[in-house]
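The values are calculated or read from the model by the stated rules, or taken from the named source; none is laboratory data. The structure presented is a predicted model; accordingly, all values stated were derived computationally and were not measured. Ideal geometry is used to build each Cβ from the backbone, glycine not excepted, and the neighbour counts take in all protein chains shown. Only protein heavy atoms, including side chains, enter the accessible area calculation; ligands, DNA and RNA are left aside. Shrake-Rupley method; radii C 1.70, N 1.55, O 1.52, S 1.80 Å.
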Amino acid sequence: MRLPIGSTDVSASGGTATLAGRRGEPWQRLASQQMSLSQAVAVLHEMDQEAFHADPSFRESLPAGSSGAARFAPGQQILWRYGRFIDTARVIRDDARGLVVWIPSGSARLESMPADGRQTRDVPLDARFSVPWVVRESTWRGPGIVRVAPTGRPWSVWFFRDPEGSPAGAYVNLELPHRRVGGETGAVFTRDLVLDLWIDAEHAGSEDVWLKDGDELGAAVTQGRFTEAQADAVRAVADHAVDELIMNGSWPLNEGWAEWSPRPAMDVPLRLPEHDSVQAARRRSGRTSLEG
(Lines give C-alpha, C1' and ligand atoms only; values in the text may rest on other atoms or scores of the structure.)
Protein backbone atom coordinates (compact mmCIF):
# COMPACT_ATOMS: atom_id res chain seq x y z
CA MET A 1 0.00 0.00 0.00
CA ARG A 2 1.33 3.43 -0.96
CA LEU A 3 1.58 6.28 1.50
CA PRO A 4 -1.10 8.99 1.30
CA ILE A 5 -0.23 12.43 -0.06
CA GLY A 6 0.83 14.63 2.84
CA SER A 7 2.79 11.88 4.63
CA THR A 8 6.02 13.06 6.24
CA ASP A 9 9.38 11.39 6.73
CA VAL A 10 13.02 12.15 7.46
CA SER A 11 15.34 12.05 4.45
CA ALA A 12 18.65 10.18 4.34
CA SER A 13 20.45 13.49 4.98
CA GLY A 14 18.30 14.25 8.01
CA GLY A 15 15.91 16.80 6.50
CA THR A 16 12.14 16.84 6.70
CA ALA A 17 10.38 15.43 3.65
CA THR A 18 6.69 15.60 2.72
CA LEU A 19 5.02 13.45 0.08
CA ALA A 20 3.73 16.30 -2.08
CA GLY A 21 2.41 14.49 -5.16
CA ARG A 22 2.86 11.82 -7.78
CA ARG A 23 3.89 11.94 -11.37
CA GLY A 24 0.82 11.90 -13.61
CA GLU A 25 -1.48 13.36 -10.94
CA PRO A 26 -2.49 17.01 -10.39
CA TRP A 27 0.13 18.98 -8.46
CA GLN A 28 -0.89 21.23 -5.56
CA ARG A 29 0.92 24.54 -6.12
CA LEU A 30 3.47 25.54 -3.50
CA ALA A 31 3.85 29.24 -4.35
CA SER A 32 1.27 31.66 -3.01
CA GLN A 33 0.95 33.41 -6.38
CA GLN A 34 1.38 32.53 -10.04
CA MET A 35 4.86 33.44 -11.22
CA SER A 36 6.68 32.65 -14.46
CA LEU A 37 10.03 30.92 -14.17
CA SER A 38 11.86 34.01 -15.43
CA GLN A 39 10.05 36.18 -12.87
CA ALA A 40 10.99 33.82 -10.06
CA VAL A 41 14.64 33.74 -11.12
CA ALA A 42 14.69 37.55 -11.39
CA VAL A 43 13.51 37.84 -7.77
CA LEU A 44 16.23 35.44 -6.64
CA HIS A 45 18.91 37.25 -8.63
CA GLU A 46 18.30 40.29 -6.41
CA MET A 47 20.50 38.53 -3.84
CA ASP A 48 24.16 39.66 -3.91
CA GLN A 49 25.90 36.79 -5.72
CA GLU A 50 29.35 38.36 -5.76
CA ALA A 51 29.42 38.70 -1.98
CA PHE A 52 27.94 35.23 -1.59
CA HIS A 53 30.75 33.57 -3.55
CA ALA A 54 33.51 35.91 -2.32
CA ASP A 55 35.75 34.86 -5.17
CA PRO A 56 37.35 37.30 -7.67
CA SER A 57 36.81 34.85 -10.56
CA PHE A 58 33.05 35.16 -10.13
CA ARG A 59 33.31 38.61 -11.75
CA GLU A 60 34.71 36.93 -14.87
CA SER A 61 32.02 34.24 -15.02
CA LEU A 62 29.36 34.18 -17.74
CA PRO A 63 25.89 32.60 -17.86
CA ALA A 64 26.18 28.96 -18.95
CA GLY A 65 24.05 29.53 -22.05
CA SER A 66 25.93 32.57 -23.35
CA SER A 67 28.14 32.37 -26.43
CA GLY A 68 31.29 33.28 -24.53
CA ALA A 69 30.82 30.87 -21.62
CA ALA A 70 33.55 28.32 -20.91
CA ARG A 71 33.06 24.80 -22.23
CA PHE A 72 34.46 21.76 -20.47
CA ALA A 73 36.04 18.66 -22.01
CA PRO A 74 35.08 15.06 -21.15
CA GLY A 75 37.24 13.87 -18.27
CA GLN A 76 38.11 17.39 -17.13
CA GLN A 77 37.99 18.05 -13.39
CA ILE A 78 35.95 21.10 -12.42
CA LEU A 79 34.57 22.72 -9.28
CA TRP A 80 30.83 22.97 -8.65
CA ARG A 81 30.60 25.99 -6.37
CA TYR A 82 27.72 26.77 -4.02
CA GLY A 83 29.42 29.66 -2.25
CA ARG A 84 30.74 28.14 0.98
CA PHE A 85 30.20 24.62 -0.36
CA ILE A 86 32.45 23.39 -3.18
CA ASP A 87 32.26 19.97 -4.83
CA THR A 88 34.85 18.41 -7.11
CA ALA A 89 33.48 16.72 -10.23
CA ARG A 90 34.65 15.09 -13.46
CA VAL A 91 32.95 16.03 -16.72
CA ILE A 92 31.09 13.31 -18.62
CA ARG A 93 29.61 15.57 -21.29
CA ASP A 94 29.07 19.27 -21.88
CA ASP A 95 26.85 20.50 -24.71
CA ALA A 96 24.09 23.00 -25.45
CA ARG A 97 21.55 21.08 -23.38
CA GLY A 98 23.61 21.09 -20.25
CA LEU A 99 26.51 19.89 -18.16
CA VAL A 100 26.77 16.24 -17.04
CA VAL A 101 29.35 15.29 -14.40
CA TRP A 102 30.34 12.34 -12.25
CA ILE A 103 31.26 12.73 -8.56
CA PRO A 104 33.17 9.63 -7.44
CA SER A 105 32.62 8.31 -3.95
CA GLY A 106 35.22 9.72 -1.56
CA SER A 107 35.89 12.86 -3.59
CA ALA A 108 37.03 15.90 -1.63
CA ARG A 109 34.70 18.81 -0.98
CA LEU A 110 34.51 21.93 1.15
CA GLU A 111 31.45 22.55 3.28
CA SER A 112 30.25 25.17 5.70
CA MET A 113 29.45 23.81 9.14
CA PRO A 114 28.92 25.12 12.67
CA ALA A 115 32.14 26.37 14.24
CA ASP A 116 31.51 24.35 17.43
CA GLY A 117 31.97 21.04 15.59
CA ARG A 118 28.33 20.02 15.25
CA GLN A 119 26.84 18.91 11.96
CA THR A 120 24.44 21.42 10.40
CA ARG A 121 21.46 19.06 10.89
CA ASP A 122 22.28 18.89 14.61
CA VAL A 123 21.55 22.61 15.02
CA PRO A 124 17.87 23.27 15.84
CA LEU A 125 15.97 24.94 13.00
CA ASP A 126 15.35 28.12 15.00
CA ALA A 127 19.11 28.70 15.20
CA ARG A 128 20.42 26.97 12.06
CA PHE A 129 21.21 30.18 10.15
CA SER A 130 22.30 32.14 13.23
CA VAL A 131 25.33 30.24 14.58
CA PRO A 132 29.00 30.92 13.81
CA TRP A 133 30.33 28.84 10.94
CA VAL A 134 33.62 27.78 9.36
CA VAL A 135 34.59 25.92 6.20
CA ARG A 136 36.06 22.42 6.54
CA GLU A 137 37.14 19.76 4.08
CA SER A 138 35.14 16.55 3.92
CA THR A 139 34.40 13.90 1.29
CA TRP A 140 31.44 12.84 -0.80
CA ARG A 141 29.88 10.04 1.23
CA GLY A 142 28.01 7.11 -0.27
CA PRO A 143 28.09 5.83 -3.86
CA GLY A 144 29.17 8.16 -6.64
CA ILE A 145 26.50 10.14 -8.49
CA VAL A 146 25.74 11.60 -11.88
CA ARG A 147 24.81 15.27 -11.58
CA VAL A 148 23.20 17.15 -14.49
CA ALA A 149 22.67 20.91 -14.86
CA PRO A 150 20.26 21.76 -17.71
CA THR A 151 21.43 25.00 -19.32
CA GLY A 152 19.64 28.10 -18.01
CA ARG A 153 17.41 26.21 -15.59
CA PRO A 154 17.35 26.90 -11.82
CA TRP A 155 17.87 23.29 -10.82
CA SER A 156 20.21 20.35 -11.22
CA VAL A 157 19.30 16.66 -11.17
CA TRP A 158 21.32 14.18 -9.11
CA PHE A 159 20.98 10.48 -9.87
CA PHE A 160 21.51 8.49 -6.67
CA ARG A 161 22.15 4.76 -6.47
CA ASP A 162 22.19 2.22 -3.66
CA PRO A 163 25.37 0.45 -2.47
CA GLU A 164 24.77 -2.31 -5.05
CA GLY A 165 24.67 0.25 -7.85
CA SER A 166 20.93 0.12 -8.57
CA PRO A 167 18.98 3.38 -9.10
CA ALA A 168 17.73 4.77 -5.78
CA GLY A 169 15.96 7.89 -7.05
CA ALA A 170 16.55 11.33 -8.51
CA TYR A 171 17.11 14.45 -6.46
CA VAL A 172 16.14 17.80 -7.97
CA ASN A 173 18.33 20.38 -6.28
CA LEU A 174 16.88 23.86 -6.69
CA GLU A 175 19.71 26.30 -7.42
CA LEU A 176 20.30 29.47 -9.42
CA PRO A 177 21.12 29.08 -13.14
CA HIS A 178 24.81 28.44 -13.55
CA ARG A 179 27.57 30.85 -14.40
CA ARG A 180 30.89 29.49 -15.67
CA VAL A 181 34.55 30.33 -15.64
CA GLY A 182 37.36 28.54 -17.46
CA GLY A 183 41.09 28.81 -17.03
CA GLU A 184 43.31 27.05 -14.51
CA THR A 185 40.41 25.92 -12.33
CA GLY A 186 37.25 25.54 -14.39
CA ALA A 187 34.14 26.03 -12.31
CA VAL A 188 30.43 26.59 -12.27
CA PHE A 189 28.92 29.07 -9.82
CA THR A 190 25.40 28.70 -8.45
CA ARG A 191 23.48 29.12 -5.20
CA ASP A 192 21.51 26.48 -3.36
CA LEU A 193 17.89 27.48 -2.74
CA VAL A 194 17.28 25.20 0.30
CA LEU A 195 14.10 23.58 -1.03
CA ASP A 196 14.48 20.35 -3.03
CA LEU A 197 12.44 17.60 -4.67
CA TRP A 198 12.99 13.84 -4.49
CA ILE A 199 11.64 11.42 -7.12
CA ASP A 200 11.40 7.82 -5.94
CA ALA A 201 12.79 5.09 -8.19
CA GLU A 202 9.71 2.88 -7.77
CA HIS A 203 6.33 2.93 -9.58
CA ALA A 204 7.59 3.99 -13.02
CA GLY A 205 5.23 6.57 -14.52
CA SER A 206 3.59 7.39 -11.20
CA GLU A 207 6.64 7.98 -9.00
CA ASP A 208 6.21 9.58 -5.58
CA VAL A 209 7.48 13.19 -5.48
CA TRP A 210 8.71 14.35 -2.09
CA LEU A 211 9.25 17.97 -1.08
CA LYS A 212 12.36 18.29 1.05
CA ASP A 213 13.28 20.98 3.60
CA GLY A 214 10.17 23.13 3.42
CA ASP A 215 10.57 23.82 7.13
CA GLU A 216 14.19 24.84 6.64
CA LEU A 217 13.17 27.37 3.98
CA GLY A 218 10.76 28.88 6.51
CA ALA A 219 13.55 29.08 9.07
CA ALA A 220 15.79 30.79 6.49
CA VAL A 221 13.16 33.53 6.16
CA THR A 222 12.73 33.94 9.93
CA GLN A 223 16.50 34.26 10.41
CA GLY A 224 17.04 36.65 7.51
CA ARG A 225 18.70 34.38 4.93
CA PHE A 226 15.81 34.90 2.48
CA THR A 227 12.97 37.40 2.31
CA GLU A 228 9.42 36.07 2.14
CA ALA A 229 9.24 37.18 -1.51
CA GLN A 230 12.42 35.23 -2.29
CA ALA A 231 11.11 32.15 -0.48
CA ASP A 232 7.91 32.29 -2.52
CA ALA A 233 10.03 32.56 -5.68
CA VAL A 234 11.85 29.38 -4.58
CA ARG A 235 8.49 27.62 -4.21
CA ALA A 236 7.54 28.84 -7.68
CA VAL A 237 10.77 27.34 -9.04
CA ALA A 238 9.78 24.03 -7.46
CA ASP A 239 6.37 24.24 -9.15
CA HIS A 240 8.02 24.85 -12.53
CA ALA A 241 10.45 21.97 -11.99
CA VAL A 242 7.51 19.66 -11.37
CA ASP A 243 5.64 20.90 -14.47
CA GLU A 244 8.58 21.03 -16.88
CA LEU A 245 10.80 18.24 -15.67
CA ILE A 246 9.04 15.70 -13.48
CA MET A 247 5.51 15.43 -14.87
CA ASN A 248 6.82 15.10 -18.43
CA GLY A 249 9.78 12.91 -17.53
CA SER A 250 11.88 15.39 -19.52
CA TRP A 251 15.64 15.55 -20.02
CA PRO A 252 17.74 14.52 -18.22
CA LEU A 253 15.30 12.08 -16.60
CA ASN A 254 14.72 10.32 -19.93
CA GLU A 255 18.33 9.67 -21.02
CA GLY A 256 19.31 6.72 -18.84
CA TRP A 257 21.65 8.52 -16.44
CA ALA A 258 20.26 6.54 -13.50
CA GLU A 259 21.91 3.41 -14.98
CA TRP A 260 25.11 5.02 -16.29
CA SER A 261 28.36 3.62 -14.89
CA PRO A 262 31.82 5.20 -15.11
CA ARG A 263 34.96 3.63 -16.51
CA PRO A 264 37.53 2.86 -13.77
CA ALA A 265 39.62 5.91 -14.68
CA MET A 266 36.55 8.16 -14.22
CA ASP A 267 35.81 6.72 -10.79
CA VAL A 268 39.03 7.69 -9.00
CA PRO A 269 38.18 10.02 -6.05
CA LEU A 270 39.00 13.64 -6.78
CA ARG A 271 41.12 15.99 -4.71
CA LEU A 272 40.68 19.71 -4.33
CA PRO A 273 43.16 21.68 -6.45
CA GLU A 274 45.83 23.70 -4.66
CA HIS A 275 44.59 26.95 -6.14
CA ASP A 276 44.45 30.38 -4.51
CA SER A 277 40.66 30.52 -4.79
CA VAL A 278 40.29 27.16 -3.02
CA GLN A 279 42.69 28.21 -0.27
CA ALA A 280 40.71 31.42 0.21
CA ALA A 281 37.49 29.39 0.42
CA ARG A 282 39.03 27.24 3.16
CA ARG A 283 39.60 30.37 5.29
CA ARG A 284 36.02 31.67 5.12
CA SER A 285 34.00 32.01 8.33
CA GLY A 286 31.25 34.11 9.84
CA ARG A 287 29.29 34.83 13.01
CA THR A 288 26.02 33.93 11.27
CA SER A 289 24.99 32.72 7.84
CA LEU A 290 24.53 36.36 6.86
CA GLU A 291 28.24 37.07 7.32
CA GLY A 292 31.32 35.88 5.46
_Order 59-66, 94-101, 5-12 from most to least packed using the mean count of other Cβ atoms within 10 Å._
94-101, 59-66, 5-12
*Distance from the Cα centre of the range 162-229 to that of the range 39-96, in angstrom?*
15
_Percentage of interatomic Cα-Cα distances in the range 1-157 larger than 28 Å_ = 38
*First select every other residue whose beta carbon is under 15 angstrom from the beta carbon of residue 223; then total the charges, Lys and Arg +1, Asp and Glu -1.*
-3
*asked:* Considering only protein heavy atoms and a probe of 1.4 Å, how much of the accessible area of the chain is carbon and sulfur, as a whole percent?
replied: 52
_Restricting everything to alpha-carbon atoms, can you work out Rg to Rh for the range 117-271 with a Kirkwood hydrodynamic radius?_
0.97
*Taking 7 Å along the Cα-to-C-beta vector as the label spot, tell me the residue 27-residue 271 distance in nanometres, rounded to one decimal.*
4.3
*Once the other residues with Cβ under 9 Å from the Cβ of residue 173 are scored (Lys, Arg +1; Asp, Glu -1), what is the net sum?*
-2
_Given the options 260, 277, 101, identify the residue whose Cα lies farthest towards the positive end of the charge dipole of the chain (+1 on Cβ of Lys, Arg; -1 on Cβ of Asp, Glu)._
277
*List, in order, the whole-Hz ³J(HN,Hα) value for each residue of the range 192-201 obtained from phi through the Karplus relation with A = 6.51, B = -1.76, C = 1.60 and θ = phi - 60°; use x for Gly and Pro.*
5, 10, 6, 6, 9, 10, 10, 10, 5, 7
*So what's Rg/Rh here for the chain, counting alpha carbon atoms and using the Kirkwood radius for Rh?*
0.93
*asked:* In Å², and per residue, what accessible area does the range 160-292 have when probed at 1.4 Å with the other protein chains present?
replied: 43
*Could you state the accessible area per residue of the range 1-81 in Å², with a 1.4 Å probe and every protein chain left in place?*
59
*Enumerate the amide H contacts of residue 83 below 5 Å, restricted to partners 5 or more residues apart or on another chain; note that Pro and chain-start residues carry no placed amide H.*
190
*HN-Hα J couplings of the range 110-115 from phi, Karplus 6.51/-1.76/1.60, θ = phi - 60°, integer Hz, Gly and Pro as x?*
10, 9, 7, 8, x, 5
*For the range 205-292, state which chymotrypsin sites (Phe, Trp or Tyr not before Pro) are in a DSSP loop and have at most 14 other beta carbons lying within 10 Å of their beta carbon.*
260
_Cα centre as origin, Lys/Arg/Asp/Glu Cβ charges: the chain dipole, Debye_ = 600
